[in-house]
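For reference, the structure is listed below as structure tokens.
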Amino acid sequence: MTTKRTFRVWRGDGDGELAQYEVEVNEGEVVLDILHRLQATQAPDLAVRWNCKAGKCGSCSMEINGRPRLSCMTRMSTFAPGETVTITPMRTFPVIRDLVCDVSFNYQKAREIPSFTPGADTAPGDFRMAQADVDRPQEFRKCIECFLCNNVCHVIRDHEENKEHFSGPRFLMRAAELEMHPEDTADRRKVSQEEFGLGYCNITKCCTEVCPENIKITDNALIPLKERVADRQYDPLVWLGTKIGLR
Ligand code: SF4
Ligand code: F3S
Ligand code: FES
């Protein structure tokens, strides 16, 4: 069945405004289909980033009726008949144009995480890991880097001043993943707390709620990382080592 629906779409840069359109909607379509039809029929200059249309590239992140979502995975049947659908760019990152944001903040944060550091005596191919240690980070490897989790986290969503000190859930999860690797020798607990802003996270779990890959970011990555940081801070042997300059 084909119907006409009302859409309000952000046009322009950060100082842009919502423009209203009536667009045809067919059964089974997703929001990205509507944006493509809008480009084809009424707004050929509408900027929208997408790639796979299968929920796997992480490009089509935006806010739909105020909720961070992948537009290619949001079915029009999600909305009540007659409901106006409002589509805006992710709020946490600067808008380049229309629905396209500058997400370079995330790449900058990715570069700051110390990379995998195997022991000097361990040659590639010599790694031996228990299956449980393989399984645990496997969940984190499902990340498609849509950055919806970083977008929704209140620590930076409304606080530009925190961006310098907070890597966001996506990259704190990366730090946790490396910390859990049994062949890794680097200690990221101090930098996670002091430089990546782990302490700013008050486990509100909004990141977990919006993750399209259903990764349990808070329970399986952020809380375990916080526990490791606490162990480091309150372990009397570590405390003594710090005092006498061994750690
Ligand atoms: Fe997206 Fe989930 Fe990865 Fe965050 S953890 S970037 S929400 S896939
Ligand atoms: Fe932000 Fe997720 Fe922590 S939303 S406060 S990083 S649990
Ligand atoms: Fe690739 Fe939506 S277009 S995730």
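One table, with the values for the structure above:
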| quantity | calculated |
| --- | --- |
| Within the stretch 206-247, tally of residues that are modelled with pLDDT of 95 or more, closer than 21 Å to LEU178 by Cα, out of contact with any Lys or Arg (no Cβ under 7 Å at 6 or more places or on another chain) and not in a helix (DSSP H, G or I) | 3 |
| Meets criteria (within 17 Å of ARG69 (Cα to Cα), away from ligand 2 (no atom under 16 Å from the Cβ) and aliphatic (A, V, I, L, M)) for ILE144 | yes |
| First in the stretch 116-141 and within 19 Å of ASP187 (Cβ to Cβ), second anywhere and among the hydroxyl-bearing types (Ser, Thr, Tyr) and not in a helix (DSSP H, G or I), Cβ under 8 Å, 6 or more apart | THR117/THR185; PRO118/THR185; GLY119/THR185 |
| Residue in the stretch 108-115 that is within 16 Å of ligand 2 (Cβ to nearest atom) and crowded, with 19+ Cβ neighbours inside 10 Å present | yes |
| Qualifying positions in the stretch 40-67 - more than 16 Å from ligand 1 (Cβ to nearest atom), under 27 Å from VAL152 (Cα atoms) and out of contact with any helix residue (DSSP H, G or I) (no Cβ under 8 Å at 6 or more places or on another chain) | ALA47, ASN65, GLY66 |
| Top-ranked residue in the stretch 175-204 [being within 16 Å of ligand 2 (Cβ to nearest atom) and among the small types (Gly, Ala, Ser); ranked as surrounded by the fewest Cβ atoms within 10 Å (Cβ to Cβ)] | GLY199 |
| Hits in the stretch 75-87 - residues which are more than 25 Å from GLY12 (Cβ to Cβ) and either among the aromatic types (Phe, Trp, Tyr) or in a loop (DSSP other than H, G, I, E, B) (or both) | ALA80, PRO81, GLY82 |
| The stretch 84-116: number of residues that are farther than 17 Å from LEU38 by Cβ and not aromatic (Phe, Trp, Tyr) | 19 |
| Of residues in the stretch 50-63 being closer than 23 Å to GLY16 by Cβ and touching a Leu at 6+ places or on another chain (Cβ under 7 Å), the one nearest to ligand 2 (Cβ to nearest atom) | SER61 |
| Flag for THR185 being β-branched (Val, Ile, Thr), within 16 Å of ligand 1 (Cβ to nearest atom) and either closer than 30 Å to THR122 by Cβ or without any contact (Cβ under 8 Å) to a residue 60 or more places away in the chain (or both) | no |
| Residue list for the stretch 48-62, filter: more than 15 Å from PHE147 (Cα to Cα) and either buried (at least 16 other Cβ atoms within 10 Å of the Cβ) or among the aromatic types (Phe, Trp, Tyr) (or both) | VAL48, LYS53 |
| Single condition CYS72 does not satisfy, out of (1) assigned to a helix (DSSP H, G or I); (2) in contact with a Ser or Thr (Cβ under 7 Å, 6 or more places away or on another chain) | (2) |
| Test result for THR208, in contact (Cβ under 8 Å) with a residue 60 or more places away in the chain and away from ligand 3 (no atom under 16 Å from the Cβ) | no |
| Conditions (1) under 26 Å from LEU178 (Cα atoms); (2) part of a helix (DSSP H, G or I); (3) without any contact (Cβ under 8 Å) to a residue 40 or more places away in the chain; number of the one not met by ALA40 | (1) |
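The values are calculated or read from the model by the stated rules, or taken from the named source; none is laboratory data. Here the structure is a predicted model, which means the values were calculated and not measured. Note that we place each Cβ from the backbone using ideal geometry, even for glycine, and neighbour counts take in every protein chain shown.
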